[in-house]
Amino acid sequence: MDLTSYAELAVQLVNMGNELKDPFSLRALLEETGRTEAAARLTRRDIDALCELRDELAGVFASAADGDDADAVERLNGLLVRHPVHPQISGHDGQPWHLHLTEGGRVADALAVGSVMGLASVVTRLGVDRLGICQASPCRNAYLDTSSNRSRRYCSERCASRANVAAYRARKRGA
């Protein structure tokens, strides 16, 4: 089971910022990521729980970006204890049998379990240094570095371009 898509969900939740409080934005994210059933069942209570989760996940990324691997892992372990995994075999939408980390309960519970397990999988397979915070100023978005040479520094091509242009202009002024 590849949990990378779940880790990417964690990144998306962290990067939503205050948009996470908007049910329409959150539903759109869930639908875009193929979680239409969750989007339909979303409640205000789920949104409140996901806002709390977002803050905790942001702390994991911040610790990782600061090079504090032990703190990032400690934070993840705390989340793993609070959001235990309940795997179930599922077959839906014409797909073959496959595992879901949780089916029942609140939407927030399912998203929390998936996000936390996804990040735990990335950390244990690839390392804590694969979690990062965008280095383009003023952006503070989280990202997963899945590059083969561990070279990612920005959350998007847009931020990378903006940072490169700013560095070029700074060099031109200094020359």
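Taken over region 69-94, the criterion of being under 11 Å from residue 120 (Cβ atoms) and either among the aliphatic types (A, V, I, L, M) or surrounded by fewer than 10 Cβ atoms within 10 Å (Cβ to Cβ) (or both) is satisfied by 72, 73, 76, 79, 80, 85.
Of the residues making up region 118-144, those that are touching a helix residue (DSSP H, G or I) at 6+ places or on another chain (Cβ under 6 Å) and part of a helix (DSSP H, G or I) number 6.
Number of residues in region 1-37 that are loosely packed, with under 14 Cβ neighbours inside 10 Å, of a type in the set (A, V, I, L, M, F, W, C) and part of a helix (DSSP H, G or I) equals 2. In region 40-62, the qualifying residues are those that are surrounded by 15 or more Cβ atoms within 10 Å (Cβ to Cβ) and without any contact (Cβ under 8 Å) to a residue 24 or more places away in the chain, and the one that is farthest from residue 145 (Cα to Cα) is 56. Cβ separations smaller than 8 Å between residues 6+ apart or across chains give the following pairs from region 66-93 residues that are without any contact (Cβ under 8 Å) to a residue 60 or more places away in the chain and farther than 15 Å from residue 132 by Cβ to residues that are open to solvent by 70 Å² or more (accessible area, probe 1.4 Å) and in a loop (DSSP other than H, G, I, E, B): 89/97; 90/97; 91/97.
The values are calculated or read from the model by the stated rules, or taken from the named source; none is laboratory data. Given the structure is predicted, the values throughout are model-derived calculations rather than measurements. A quick note on method: Cβ atoms are made from the backbone with ideal geometry, for glycine too, and the neighbour counts reach across all protein chains shown. The protein model used for the area step is the full one, side chains on, heavy atoms only, and it has no ligands, DNA or RNA in it. Shrake-Rupley method; radii C 1.70, N 1.55, O 1.52, S 1.80 Å.
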